[in-house]
Every structure is written in C-alpha cells, then in structure tokens.
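Enquirer: Before I ask anything, let me first share the structure, which is written out below as structure tokens.
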Ligand code: GRF
C-alpha cells in the first residue's frame, strides 16, 4: 500500500478530489495525512469530514524552514508516508523534505509550465491573452514550479471567457488529472519495488 500525504494551504478541492478517487477505488493508495501551514484552510474541514488526520504547523513558531520541515518529516515517518502530493501548498519545499522524499513529491500547477509559474497563474494567462493555457503535474525540486514534468493538459481560453470561467475549467481538469497521474506514479513506484 502506498501511503499519501497531501499538503495544502487553502480550499483543498484537489485534496478532496484525491480522497474521493481513493474512496472510489481509482487510486491504489491511502491518503493518511493532510499537512497544512494554515489552521483556517478549508482543506482542514474537508480532512475532518473524511476522518483524515491533520498536521497543522505555524511557520512563525520556527526559526527556519529546516526546523519546521524536520517536524513535518517526523510526522510523515510516523504515518509511514511514501508519497507527498502538493495541492495548493503555498511554500517552496526545502532540502530536508526533498532529500527524504526524492522523486516522491508531486505538484499541480494551473498553467502549461514553464509558462506562468508562481502566483495567480490563471490571471497571468488571462492577462497575457493566450488562447490556450492548462494544467501541469510535475515532480518537485527546489525551484518555484520547476522540476520534471509528468503530464500536462491544455485548456482553451475563449475571447468571451471571464477569468472565473477559465478558473472553473482548469479546476475541472485538475480534479480528474491529478488522481489519474497519482495513480500512474503509484504504479511506477510499485513496479520499481
Ligand atoms: C490549484 O489550482 C493548483 O493548481 C494550485 O493551487 C490550487 C489549489 O486549489 N497549485 P485547491 O485548494 O485544491 O482548490
């Protein structure tokens, strides 16, 4: 069994999509933990509703990223976590977690990377008036939305679309693409033993 921790700082709709996929038997793993740096994140309520343990930390109570990542790592190890899935986690991952989970950390980003990395990728694409944007799922490295790309799906932008229309379309794609990609990664993990 591949044990998964989801990291989220906000709404957690992708967290919910992954949990649902697991419950429907579409992910051959178990979501064991939600990690958050925001006690007010709606993702926390979603986790409670699904009886999934939450590890919440306040970065301001630590002197450095290495210090709070050490705490996270202890929690991940206690929970037997094999795979980390970032879903709207608003921090860069540091060397403590990158070294412990090499090639075992995924991120989802709402653009066709390397275009529009960072904050408000949908707004960036909208303002740039591109006709196509999309969703990228990639392995995480120390950069901001860098790291080897696993999969991408395009999403069209029509000239009549509002930013909210594009946002909705992107999220719909995310909610099916992330579970499917996580399952593909799990199969790869299993094959590699
Ligand atoms: C998603 O759009 C994801 O691509 C980005 O953050 C957003 C999280 O949304 N990394 P949610 O909290 O899962 O609803």
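Enquirer: Part of a strand (DSSP E or B), without any contact (Cβ under 8 Å) to a residue 60 or more places away in the chain and within 11 Å of the ligand (Cβ to nearest atom), is that true of residue 118? Let's see the steps before the verdict.
Expert: On the way: part of a strand (DSSP E or B): no; without any contact (Cβ under 8 Å) to a residue 60 or more places away in the chain: yes; within 11 Å of the ligand (Cβ to nearest atom): yes.
Here the answer is no, as residue 118 does not meet what is asked.
Enquirer: Considering only residues of segment 8-25 that are more than 8 Å from the ligand (Cβ to nearest atom) and assigned to a helix (DSSP H, G or I), which is surrounded by the fewest Cβ atoms within 10 Å (Cβ to Cβ)?
Expert: 23
Enquirer: Looking at residue 29, is it surrounded by fewer than 18 Cβ atoms within 10 Å (Cβ to Cβ) and either at pLDDT below 95 or within 22 Å of residue 188 (Cβ to Cβ) (or both)?
Expert: For residue 29, the condition - surrounded by fewer than 18 Cβ atoms within 10 Å (Cβ to Cβ) and either at pLDDT below 95 or within 22 Å of residue 188 (Cβ to Cβ) (or both) - is not met.
Enquirer: If I ask for residues that are in contact with a strand residue (DSSP E or B) (Cβ under 7 Å, 6 or more places away or on another chain) and either away from the ligand (no atom under 15 Å from the Cβ) or assigned to a loop (DSSP other than H, G, I, E, B) (or both), which ones from segment 169-189 would you list? Quick ask: steps written out before the conclusion?
Expert: Step one: list which residues in segment 169-189 are in contact with a strand residue (DSSP E or B) (Cβ under 7 Å, 6 or more places away or on another chain), which gives 169-170, 173-174, 177-178, 181-182, 185-186, 189.
Across segment 169-189, the qualifying residues are 185, 186, 189.
Enquirer: Would you mention how many residues in segment 38-89 are touching a residue at least 12 places away in the same chain (Cβ under 8 Å), in a loop (DSSP other than H, G, I, E, B) and more than 16 Å from the chain's Cα centre (by Cα)?
Expert: Of the residues in segment 38-89, 8 are touching a residue at least 12 places away in the same chain (Cβ under 8 Å), in a loop (DSSP other than H, G, I, E, B) and more than 16 Å from the chain's Cα centre (by Cα).
Enquirer: Examine segment 4-27 for a residue that is more than 30 Å from residue 166 (Cα to Cα), in contact with a helix residue (DSSP H, G or I) (Cβ under 9 Å, 6 or more places away or on another chain) and touching a residue at least 40 places away in the same chain (Cβ under 8 Å), and state whether such a residue exists.
Expert: Of segment 4-27, the ones more than 30 Å from residue 166 (Cα to Cα) are none.
No, that holds for no residue.
Enquirer: Kindly indicate whether any position in segment 153-162 is under 24 Å from residue 16 (Cβ atoms), within 14 Å of the ligand (Cβ to nearest atom), surrounded by 17 or more Cβ atoms within 10 Å (Cβ to Cβ) and at pLDDT 95 or above.
Expert: yes
Enquirer: Residues in segment 68-82 that are farther than 23 Å from residue 27 by Cβ and in contact with a helix residue (DSSP H, G or I) (Cβ under 9 Å, 6 or more places away or on another chain): how many? Give the derivation first.
Expert: Step one: of segment 68-82, the residues farther than 23 Å from residue 27 by Cβ are 68-71, 73-74.
Those still in the list that are in contact with a helix residue (DSSP H, G or I) (Cβ under 9 Å, 6 or more places away or on another chain) too: 68-70, 73.
Of the residues in segment 68-82, 4 are farther than 23 Å from residue 27 by Cβ and in contact with a helix residue (DSSP H, G or I) (Cβ under 9 Å, 6 or more places away or on another chain).
Enquirer: Output yes when any residue across segment 130-146 is part of a helix (DSSP H, G or I) and either crowded, with 19+ Cβ neighbours inside 10 Å or free of Cβ contacts under 8 Å to residues at least 40 places away in the same chain (or both), and no when none is.
Expert: No.
Conditions tested, residue by residue: (1) within 13 Å of the chain's Cα centre (by Cα); (2) in a helix (DSSP H, G or I); (3) over 25 Å from residue 44 (Cβ atoms).
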| position | (1), (2), (3) |
| --- | --- |
| 93 | yes, no, no |
| 103 | no, no, yes |
| 122 | no, yes, no |
| 151 | no, no, yes |
| 167 | no, yes, no |
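The values are calculated or read from the model by the stated rules, or taken from the named source; none is laboratory data. Just so it is clear, the structure is predicted and the values come from calculations on it, not from any experiment. With ideal geometry, Cβ positions are generated from the backbone for all residues, glycine too; neighbour counts draw on all protein chains shown.
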